[in-house]
1. Scan the stretch 63-72 and give yes if some residue there is surrounded by 16 or more Cβ atoms within 10 Å (Cβ to Cβ), closer than 19 Å to VAL6 by Cα, at pLDDT 75 or above and assigned by TED's automatic domain parsing to the domain that holds HIS18, otherwise no.
2. If you go through the stretch 131-171 one residue at a time, how many are within 21 Å of the chain's Cα centre (by Cα) and touching a residue at least 12 places away in the same chain (Cβ under 8 Å)?
3. Could you say whether any residue in the stretch 84-107 is over 27 Å from LEU57 (Cα atoms) and touching a residue at least 60 places away in the same chain (Cβ under 8 Å)?
4. Looking at this structure, is ILE96 in contact with a Phe, Trp or Tyr (Cβ under 6 Å, 6 or more places away or on another chain), surrounded by 15 or more Cβ atoms within 10 Å (Cβ to Cβ), at pLDDT 80 or above and not small (Gly, Ala, Ser)?
5. Taking the residues in the stretch 105-138 that are of a type in the set (Val, Ile, Thr) and in a helix (DSSP H, G or I) as candidates, determine which candidate is surrounded by the fewest Cβ atoms within 10 Å (Cβ to Cβ).
6. Consider the stretch 5-40. How many of its residues are in a strand (DSSP E or B) and at pLDDT below 80?
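The values are calculated or read from the model by the stated rules, or taken from the named source; none is laboratory data. In this text the structure is predicted, and so the values were computed from the model without any measurement. Here Cβ is always computed from backbone atoms with ideal geometry, including for glycine, and neighbour counts include all displayed protein chains.
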Amino acid sequence: MEKKYVLYCFHCGNESLHQPVHKQPADIAWNNGDGGLCLTSTQYHIFVCDVCNILSLYADPYYEIDEFSVDEYGCDNFTSRIRLLWPPALLADESIPKEILEVYHAALKIKLKHPNSFAVQIRKALEIICLEQGVKGKTLNEQLINLITLLKLPELLQEITCFIRIVGIAGAHPDKPNVTYQHANFIHDFFLVVLQFIYIAPCAVKKFKNIASEFKI
């Protein structure tokens, strides 16, 4: 029986044992900038969570390097090397405030079985974002409108945050439509887009400017 690994499951929100069920090596050729091609070997792994029995896909870009050599899933630092590809989720990011990540991770733990509560928690995360960004407004709707204006975000973000706000309200009230797991998946994806625009992308732009001075950006 193959060794199981403790991984954080972004389907059910548990740090649980995962069973490896398949691995697939692949060679990727890329331009090195000098007109030549470099070959990168990556190994892809599919795991099944012992708690929710749902698949996750990871990539291991270092599996052929001697320093990180592994036998059949037997390397001690294997779990620190692999990178989550699916489902789309966020474990940690230095650009995102800790309080927002804590609410997000708490929401993930209930997404599968309690999508109504998940929607409420993600709406709470929006409220924290507004507080953290210092926007004013009597209601969350007003705050979100002011947030879009303050940060000069695309109009589409106003629609996306409106979806999260409305579904979050529904999740908290018995006289509103029931939030399904399918709804929760959309809300999850929408929230990740919000985080990308407000925190992750601006931070990445600053980092790129620091290493790309030759482009005179």
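1. no
2. Qualifying residue count for the region: 14.
3. No, there is no match, as no residue in the stretch 84-107 is over 27 Å from LEU57 (Cα atoms) and touching a residue at least 60 places away in the same chain (Cβ under 8 Å).
4. Yes.
5. Just the residues of the stretch 105-138 that are of a type in the set (Val, Ile, Thr), to begin with: 110, 120, 122, 128-129, 135.
Adding the requirement that they be in a helix (DSSP H, G or I) leaves 110, 120, 122, 128-129.
Values: ILE110: 18, VAL120: 20, ILE122: 25, ILE128: 15, ILE129: 24.
So, considering only residues that are of a type in the set (Val, Ile, Thr) and in a helix (DSSP H, G or I), the one surrounded by the fewest Cβ atoms within 10 Å (Cβ to Cβ) is ILE128.
6. Step one: filter the stretch 5-40 for residues in a strand (DSSP E or B), giving 5-8, 15-31, 37-40.
Those left that are additionally at pLDDT below 80: 27-31, 37-40.
Within the stretch 5-40, residues that are in a strand (DSSP E or B) and at pLDDT below 80 number 9.
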